[in-house]
Amino acid sequence: MAFSPDPTRSVDVLVAGAGITGIYQLHRAREAGFSVQVLEAGDGVGGTWYWNRYPGAQFDSESYTYAYLFSSELFDEWEWQEHFAHQPEIERYLNHVVDRFDLRRHIRLGAKMTSAAWDEPSGTWTVVVADGTEFRSRFLVAATGIFSVPYFPDVPGREDFRGEQYHTGRWPTTPVDFAGKRVAVIGTGSSGVQLIPVIAGEVASLTVYQRTPNWCTPLNNAPITSEEQRRLRADFEAMCDTLNTSPSGFLHVPHDRATFDDSYEERLAFFDKMWSSPGFTKLTSHYTDLLFDPAANAAWCEFIAGKIHGIVDDPETAEKLIPKGHRYGEHRPPFVTGYFEAYNNAHVSLVDVKETPMVRVTEKGIQTAEGTREFDIVVWATGWDFGTGALTRMGIRGRRGLALEDRWADGPRTFLGIQTAGFPNFFFPGGPHAAAGNNPRYNGDQVDFITATLSYARDHGYDRIEVDPAAEEEWTAMVDRGATRAPSFGESSYYFGANIPGKPRKYLLNSGGRPKLFKEIAKVIESDYKAFRLSRSASSESSPPRAAEAGAR
Ligand SMILES: Cc1cc2nc3c(=O)[nH]c(=O)nc-3n(C[C@H](O)[C@H](O)[C@H](O)COP(=O)(O)OP(=O)(O)OC[C@H]3O[C@@H](n4cnc5c(N)ncnc54)[C@H](O)[C@@H]3O)c2cc1C
C-alpha cells in the first residue's frame, strides 16, 4: 500500500501527535510495513510530558506500569528512578524510545495540523499544517490526547495582566523563577495540587484561588531501590500479564471486602492502610462498594476530612479544602505530596471563589468581590477541554465535507473510541470513549487494534475502512447507558464536559473499561471485521497518489 516515493509528504499513515500514543502508533505501523509520518504541534516529543513541565509535574501511575511494554529490552535498559516519576524523567524516557527505535526521522515537530479533508475519489486524506505545508495519506490517526487543549475560565482582563502568566499545560521550556515572587495559582485540580507544595517554599507569597476542592490523598512516592529494580526485571513477564488483563491497567490487587463487612476499628485500620498506599490503589484496591454505596463512600470521605483537619492548622482553611458537593471518585482524585501542609505557611492563603467570586484580572493582579491582590506571576491550573477538545479543533472534514465538530455537536459518537461514521480511514486512539485508568495501557490496546485493522485491510486488498453506523450506535449507546449507572455519580466532572460552559453533558470515557473493549475487539476479529465497511477505491487500482500531487509548498 505504500504509494509514494516521498517519505514525508505522502504516506500510508499520517499520525497527528507525538505523545505516548502517537509514538506507539508510529512504531507499530512501521513494524507492520506502512510508511508513516507524525505531525506534532509542539517543538518536542512526549505530548503531555512535553507540555506539562511545571514544577512538581509527575505520574500518578506507577512509572513502570505506565511505560511501554512491547520490548523487554527497553524495559530492562530503562531504570525508573522513582515509583512515580517526575516530568523530566518521563520526557527523557519518551525521547529515549523515539531514538532507540529510530522513530525521530518520521516525526515533524512544530507542525500543528489545522485541517484534514477526505477525498472520496482517491480515498485519501489531505492534511494541512499551520505553515501551509500539505500532506497526503491513506489513513489518518489523530493521537491528539484528551488533555491537550488547555482551558482558561472566562475571567475578564486576562490579557491586561502585566506580570508573567502561565497555564500549567503550556509551561515554558525555560525555568520560571518563583523566588521571592508574589504568586497566584488558580485551580486546585490534579495539576494545581502538584505545583502548589513545590513552589510554596520559594515564593514570597502564594494565593490559591479554588473553585472546587478535591478529595486529595497522599501519592506516597519513593525512590525505587536496587532490590526493587531487580525484582521488576525478574518479574517483567508476570507484570505484563497483569497489566495486559487488568480492567484499569494497574498492578493493584482488588480488595475482597465491602466497607461494612468490617467493624469500625477494622475499617479505620483499612482506611489508614489506603491513606498510606501508593497512588490509585485508593480507588482500585479499596472496599468493593466504595463507588457503589453512598454510605461506604461517605465513610471514606469522612476519614479524609478528618485527616485534612489533622494536617491543616487553621480549621477554617481545612474546612474550605474539604469537598462538599461531590463524592470520592466522582471527580478524578488527585494525589499529593505535602499539599495540605503547604497551607500551614503564613505566606500561603486560600480564596474560595465560590464564596468570593473573581471579578477580573487587572494589570497588577486579581480582583475579587473582596478587593484586589497584586501578583508578579499568575498560574492558571484550570484544566482542559477534555476528551474532544483537540479533535474538534483540527478542521477534520469527512465525507461530503462533514465537519467532525458538527457531527459531534451533541457529544462524541464512536465505535471502540477509535472511529466515527462519515470519516473513512480516520482513527483516534486515546480520544473520547476510551476506557479509564492507566492511560497507555488502553490507548495501547486501541493502537494495536488499529494496526491490526490496517494490516487486515491491506492483506485483503481493501484500502477504505469505515465503521458501520450500527456498530457506532451500539457502542455509543453502551457508553451513554453506562454513564447513568453506578459507579457513575452524575455530570459534575470534566468526564462529562462539566468544566466547559456550553459543552454537551455527555460521558467522555467508557465505563465498560478495558474488559468491554477486549470483548468487542475479539468480536470484531472473530466476525472478520463485520463492524467495519471495507472497500477498495476505484482510483487506487490505477493511480496511487504521488508526492507531486501532494501540492508541497
Ligand atoms: C499533568 C498530567 C499528568 C498526568 N498523569 C497521568 C498518569 O499518571 N497516568 C495516566 O494514565 N495518565 C496521566 N495523564 C493523562 C495523559 O494525558 C496520558 O497519560 C497520556 O499522556 C496521553 O497520551 P497521548 O499521546 O494520547 O496524548 P498527549 O500526551 O496529550 O499527546 C497528544 C499530542 O498531540 C499533539 N496535538 C494536538 N493537536 C494537534 C494538532 N492539531 N496537530 C499536531 N499535533 C497535535 C499535542 O501537541 C500533543 O503533543 C496525565 C495528564 C496530565 C496533563
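Quick one: in region 423-443, which of the residues that are in a helix (DSSP H, G or I) and surrounded by fewer than 24 Cβ atoms within 10 Å (Cβ to Cβ) is farthest from the ligand (Cβ to nearest atom)? Outline the logic, then answer.
If we filter region 423-443 for residues that are in a helix (DSSP H, G or I), which is where we start, we get 439-443.
Applying the additional criterion that residues be surrounded by fewer than 24 Cβ atoms within 10 Å (Cβ to Cβ) yields 439-441.
Details: N439: 3, P440: 6, R441: 8 Å.
Once the filter is applied, the top-ranked residue is R441.
Residues Y24, Y64, Y50: which one is farther than 24 Å from N244 by Cβ and within 13 Å of the ligand (Cβ to nearest atom)?
Values: Y24 fails: farther than 24 Å from N244 by Cβ; Y64 fails: farther than 24 Å from N244 by Cβ.
Residue meeting the stated conditions: Y50.
When every residue of region 261-271 is checked against the conditions, none turns out to be in contact (Cβ under 8 Å) with a residue 24 or more places away in the chain, out of contact with any Ser or Thr (no Cβ under 7 Å at 6 or more places or on another chain) and of a type in the set (S, T, N, Q).
Would it be correct to say that L26 is open to solvent by less than 10 Å² (accessible area, probe 1.4 Å) and in a strand (DSSP E or B)? Lay out the reasoning, then the answer.
On the way: open to solvent by less than 10 Å² (accessible area, probe 1.4 Å): yes; in a strand (DSSP E or B): no.
For L26, the condition - open to solvent by less than 10 Å² (accessible area, probe 1.4 Å) and in a strand (DSSP E or B) - is not met.
Among the residues of region 470-478, are any under 15 Å from K516 (Cα atoms), more than 13 Å from the ligand (Cβ to nearest atom), surrounded by 21 or more Cβ atoms within 10 Å (Cβ to Cβ) and aromatic (F, W, Y)? Yes: region 470-478 contains one or more residues that are under 15 Å from K516 (Cα atoms), more than 13 Å from the ligand (Cβ to nearest atom), surrounded by 21 or more Cβ atoms within 10 Å (Cβ to Cβ) and aromatic (F, W, Y). For beta carbons closer than 6 Å, sequence separation of 6+ or different chains, a first residue in region 11-30 that is of a type in the set (S, T, N, Q) and a second that is more than 8 Å from the ligand (Cβ to nearest atom) and part of a helix (DSSP H, G or I), the qualifying pairs are Q25/V447. Of all residues in region 487-525 being of a type in the set (K, R) and part of a loop (DSSP other than H, G, I, E, B), which is surrounded by the most Cβ atoms within 10 Å (Cβ to Cβ)? Filtering first and then ranking leaves K506.
Can you tell me which of L404, L454, L350, L391 is within 11 Å of the ligand (Cβ to nearest atom) and not acidic (D, E)?
Working: L404 fails: within 11 Å of the ligand (Cβ to nearest atom); L454 fails: within 11 Å of the ligand (Cβ to nearest atom); L350 fails: within 11 Å of the ligand (Cβ to nearest atom).
Only one candidate passes the filter, namely L391.
In summary, helices (runs of 4 or more DSSP H) completely within region 239-324 and bearing 2 or more residues that are open to solvent by 30 Å² or more (accessible area, probe 1.4 Å) and among the acidic types (D, E) occur at 264-275, 315-321. The single condition from (1) under 20 Å from P429 (Cα atoms); (2) within 10 Å of the ligand (Cβ to nearest atom); (3) in contact with a Lys or Arg (Cβ under 7 Å, 6 or more places away or on another chain); (4) aliphatic (A, V, I, L, M) that A111 fails is (3). Taking the numbered list (1) more than 16 Å from the chain's Cα centre (by Cα); (2) surrounded by 23 or more Cβ atoms within 10 Å (Cβ to Cβ) in turn, W78 passes all entries but (2).
Let's see how each residue does on (1) part of a helix (DSSP H, G or I); (2) of a type in the set (F, W, Y):
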site: V11; (1), (2): no, no
site: V45; (1), (2): no, no
site: G56; (1), (2): no, no
site: E73; (1), (2): yes, no
site: E79; (1), (2): no, no
site: E89; (1), (2): yes, no
site: Y93; (1), (2): yes, yes
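If only residues of region 132-174 that are more than 11 Å from the ligand (Cβ to nearest atom), over 30 Å from S122 (Cα atoms) and charged (D, E, K, R) are counted, the one that is modelled with the lowest pLDDT is D154.
The values are calculated or read from the model by the stated rules, or taken from the named source; none is laboratory data. If you're wondering where the values come from, they're calculated on a predicted model, not measured in any experiment. Positions of Cβ are generated from backbone atoms using ideal geometry, with glycine treated the same way; all protein chains shown enter the neighbour counts. Each accessible area value is taken on the protein alone, full model and side chains, heavy atoms only, with ligands, DNA and RNA left out. Shrake-Rupley method; radii C 1.70, N 1.55, O 1.52, S 1.80 Å.
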